[in-house]
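First the structure, in the form of structure tokens, and then the observations on it.
The values are calculated or read from the model by the stated rules, or taken from the named source; none is laboratory data. As the structure is a computational prediction, the values presented were derived from the model and not from experiment. Reconstructed Cβ throughout: ideal geometry from the backbone, glycine too, with neighbour counts over all protein chains shown.
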Amino acid sequence: MGFTYLIMNAITPEAHAYIGSFTPDVQTRLLSLVDIHQRHCNGWPIDLKYGMLRFVLPRTQTTREAFFAGVFKNHIGFYPVYLIPSLEEDIKPFRTPGTKDSLRFLHTQPMPERLIDAIFKAKCGLS
């Protein structure tokens, strides 16, 4: 995989250990998020906060703006995803029922990498 450079240079040891604690298929799914984050937010950290991966975004120049990804039995939860009207129709099938800002990517379905890429672009002010 082409993720080795990204992992060694962008991820804290705690986040790296978190990813490594899962099965290879879940690791691959998480590493796709790492790859997309680094494509748009190169140099901004990926760490562990609240027991989940935190992908810091450069848009506000603070660590307050971030996405979080947590692994659950049947899915990866991804939050907060809101205020992107141009993507709302594409995001809708992944919304966690009863929430306004949480997405879930089922382990039984391919990761929607193009959508995730568009989400990162929008939140990093690149679209």
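Hey, can you tell me all the residues within the range 54-71 that are closer than 19 Å to ALA118 by Cα, of a type in the set (Lys, Arg) and at pLDDT below 90? Hit for the range 54-71 is ARG59, nothing else. Looking at the range 78-85, can you tell me whether even one residue there is closer than 26 Å to ALA17 by Cβ and at pLDDT 95 or above? Within the range 78-85 (the criterion being closer than 26 Å to ALA17 by Cβ and at pLDDT 95 or above), the answer is yes, since at least one residue qualifies. Among the residues of the range 92-126 satisfying the criterion of being among the hydroxyl-bearing types (Ser, Thr, Tyr) and surrounded by 14 or more Cβ atoms within 10 Å (Cβ to Cβ), which is modelled with the highest pLDDT? Filtering first and then ranking leaves SER102. For the range 69-118, give me each residue that is without any contact (Cβ under 8 Å) to a residue 40 or more places away in the chain, β-branched (Val, Ile, Thr) and not in a loop (DSSP other than H, G, I, E, B). Of everything in the range 69-118, just one residue is without any contact (Cβ under 8 Å) to a residue 40 or more places away in the chain, β-branched (Val, Ile, Thr) and not in a loop (DSSP other than H, G, I, E, B), namely ILE91.
Does VAL81 fit the bill of being closer than 15 Å to ALA15 by Cα and touching a strand residue (DSSP E or B) at 6+ places or on another chain (Cβ under 6 Å)? The answer is no for VAL81.
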